[in-house]
Amino acid sequence: MTSLLSPVAVIGAGAMGSGIAALFAARGIDVVLIDPVDGALTRAQGNIERQLHVLAGDDIAPAMRRIRYDAGLEAACNAALVIEAVPEKLELKRDIFSRLDSLCGPQTILATNTSGLSINAIAQAVTRRDRFVGTHFFTPADVIPLVEVVRNDGTSDTTVVSVMDTLRHVGKRPVLVKRDIPGFIANRIQHALAREAMALLESGVASAEDIDEVVKWSLGIRLALSGPLEQRDMNGLDVHLAIAEYLYADLENRTEPSELLRDKVRDGQLGAKSGQGFYAWPPERRERVLRDKSAALAELVQWLNARPPA
């Protein structure tokens, strides 16, 4: 039997929080979006309208009516599920959950949308750790299907089932991360890939454009249909072992971030948000790429969901 959690409170009205709020509202669940920062909720309403057009088409009025906006954490007190989506600062998250622990009823499930902070460390702020869990959404939260559901050492099976059932109800594909490890699953694999890509760029093997071209038009296309372990099975584990025997020793294995990355951050070259990173990002390009990629990702997800199971 499905354990649907409703209503939902989302803490933090940035891009991630507004995407999560839009997602739940589009799937028929009442949401309160909470943020005390001046102007944050007004900006979020504009983002949510755009996100709902992707999720629900032209008729977004019913979903818009399911979302209310509030500046105070007290608005979360009656929620069945609270999802925190504030910046990646451990003490900030702990402070919010300490207050929610007092404000919310004993049946409320508390979830943190962290990309890699320890779920156990954040859970120290609450008394009911059995009802505390990580829910790692991916940007854009309203489009990317996967959510990593991460246990802390005290998370109950009932909490896991309720959260995963609710995520499936709103169209997500949750996976359970059984142990709280740094970066969970996706970010560990993503950072391993990025570390090798930066090493190739640093050593002059190829340009940033060509490295990205290789990933997008070989690995990227294939990975949409077959994960790395399934792909190894399809290629043959004996073939993989033979290549691994000579290749692993030459792969990048540094335990510190690359100097190239450090230099760019030091120089304020932070990527799209600063206008320069590995690429130049004039404002018009940034907005166009974000818009077009979200639309293309939504089309890809729709196509993948329509395929018969393998």
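The values are calculated or read from the model by the stated rules, or taken from the named source; none is laboratory data. Just so it is clear, the structure is predicted and the values come from calculations on it, not from any experiment. Ideal geometry is used to build each Cβ from the backbone, glycine not excepted, and the neighbour counts take in all protein chains shown. Side chains are part of the model used for accessible areas, which takes the heavy atoms of the whole protein and leaves out ligands, DNA and RNA. Shrake-Rupley method; radii C 1.70, N 1.55, O 1.52, S 1.80 Å.
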Counting only residues in the range 197-213 that are exposed (fewer than 14 other Cβ atoms within 10 Å of the Cβ) and part of a helix (DSSP H, G or I), the one farthest from the chain's Cα centre (by Cα) is identified as GLU202
With respect to GLY183, determine if the residue is assigned to a loop (DSSP other than H, G, I, E, B), open to solvent by 30 Å² or more (accessible area, probe 1.4 Å) and either of a type outside the set (S, T, N, Q) or out of contact with any Pro (no Cβ under 8 Å at 6 or more places or on another chain) (or both).
-> no
Within the range 140-170, residues part of a loop (DSSP other than H, G, I, E, B) and surrounded by 14 or more Cβ atoms within 10 Å (Cβ to Cβ) come out as PRO140, ALA141, ASP142, VAL143, ILE144, PRO145, ASN152, GLY154, THR155, SER156, VAL170
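Here is a yes/no grid of residues against (1) at pLDDT 95 or above; (2) under 20 Å from SER98 (Cβ atoms); (3) of a type in the set (Asp, Glu):
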position: ALA121; (1), (2), (3): yes, yes, no
position: ALA141; (1), (2), (3): no, no, no
position: ILE144; (1), (2), (3): no, no, no
position: VAL160; (1), (2), (3): yes, no, no
position: ARG168; (1), (2), (3): yes, no, no
Subset of the range 14-48, residues in a loop (DSSP other than H, G, I, E, B) and open to solvent by less than 10 Å² (accessible area, probe 1.4 Å), comes to ILE29
By residue number, the members of the range 54-82 that are within 30 Å of ALA296 (Cβ to Cβ), assigned to a loop (DSSP other than H, G, I, E, B) and touching a helix residue (DSSP H, G or I) at 6+ places or on another chain (Cβ under 9 Å) are ILE60, ARG66
Scanning the range 61-78 for residues that are open to solvent by less than 20 Å² (accessible area, probe 1.4 Å) and of a type outside the set (Gly, Ala, Ser) gives ILE67, LEU73
On the given criteria, is ALA244 open to solvent by 70 Å² or more (accessible area, probe 1.4 Å) and closer than 30 Å to PHE278 by Cα? no
Answer yes or no as to whether THR114 is over 20 Å from ALA80 (Cβ atoms), of a type in the set (Ser, Thr, Tyr) and either without any contact (Cβ under 8 Å) to a residue 60 or more places away in the chain or touching a Leu at 6+ places or on another chain (Cβ under 6 Å) (or both).
-> yes
Residues of the range 123-139 being outside any loop (DSSP other than H, G, I, E, B), of a type in the set (A, V, I, L, M, F, W, C) and surrounded by fewer than 24 Cβ atoms within 10 Å (Cβ to Cβ), in sequence order, are none
Scanning the range 131-161 residue by residue, those of a type outside the set (S, T, N, Q) and closer than 23 Å to GLU91 by Cβ turn out to be ARG131, PHE132, VAL133, GLY134, HIS136, PHE137, GLU148, VAL150, ARG151, ASP153, GLY154
Taking first residues from the range 79-105 that are open to solvent by 70 Å² or more (accessible area, probe 1.4 Å) and second residues anywhere that are part of a helix (DSSP H, G or I), the pairs with Cβ under 8 Å that are 6 or more apart or on different chains are ARG99/LEU73
Apart from one, (1) under 18 Å from the mean Cα position of the chain (by Cα); (2) on the phi > 0 side of the Ramachandran plot all hold for VAL177; the odd one out is (2)
* **Check on LEU300, assigned to a helix (DSSP H, G or I), over 22 Å from PHE138 (Cα atoms), open to solvent by less than 100 Å² (accessible area, probe 1.4 Å) and in contact (Cβ under 8 Å) with a residue 24 or more places away in the chain** => no
